[in-house]
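What follows is a short report on a single structure.
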Amino acid sequence: MSSHNLINIKKETMQIKEVQDILRRLKNTNISQGDIAKAIGTTRSNVSQLFAKNSSLDDEKIKKIEKFFNIKFDKNGEKSLESLIKVPVYSGYDMENANGYIYISGGKNAKPLCPFAIEVASDSMAPYINRGDFAVFDGGFNSIEDGKVFLIRFEGNFFIKRILDNINNIILKSDNRDYTDISINSFKNEKIEVVGRLHSLLRFEI
């Protein structure tokens, strides 16, 4: 499983308007000239001049933008913006209505089936998964795997937990020790619905 949000994009040269468009699509939000000015440590007026000429950005400015927005432009890579996977994002476990989209790259991992993302609202899986992370799930799973992290529904509630499959019990384990694990008797008629297995995490550190 990949962690954080390193997005590989093939670009020989990068013009500032191109960078802004990529950032907007990856972040699924408006990235203003002011945001880019903060990223490269200059004034908005200077950035406006760069936009007026649609200037190319040097390596130093690109590195600052990468660090500020926590992404990676890989000039020698084989990935392009068109190859990114568009993933619906759900908040509050409302699996009926997406409230936005993010873009992910499968990288070296297998492409997820029916991918979707949850904006994490709990720190029960910290420090592995933190509040505010986007947890991307592979919806192509219908059974649990010991030791893996799943989004499951149990007794009408959704949980993002690490699954421990013991002989007599299934444990919904929190990585955060401040949270109590949930033990489910395997022999009782207690149905666990597997919604998806964790595929990757996006963590925007700006």
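Data overview
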read-out	value
Flag if LEU172 is farther than 17 Å from GLU119 by Cβ, crowded, with 16+ Cβ neighbours inside 10 Å, out of contact with any Cys (no Cβ under 7 Å at 6 or more places or on another chain) and at pLDDT 90 or above	yes
Any hit, region 72-80, residues being at pLDDT 70 or above, part of a strand (DSSP E or B) and not aromatic (Phe, Trp, Tyr)	no
Residues of region 175-205 that turn out to be surrounded by fewer than 16 Cβ atoms within 10 Å (Cβ to Cβ), modelled with pLDDT of 85 or more and under 17 Å from the mean Cα position of the chain (by Cα), as a count	0
Verdict on ILE102 being within 22 Å of ARG25 (Cβ to Cβ), in contact (Cβ under 8 Å) with a residue 40 or more places away in the chain, out of contact with any His (no Cβ under 9 Å at 6 or more places or on another chain) and not in a loop (DSSP other than H, G, I, E, B)	yes
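The values are calculated or read from the model by the stated rules, or taken from the named source; none is laboratory data. Worth saying up front: this structure is predicted, and the values here are computed from it rather than measured. Counting neighbours? That spans all protein chains shown, and the Cβs are built from the backbone with ideal geometry, glycine included.
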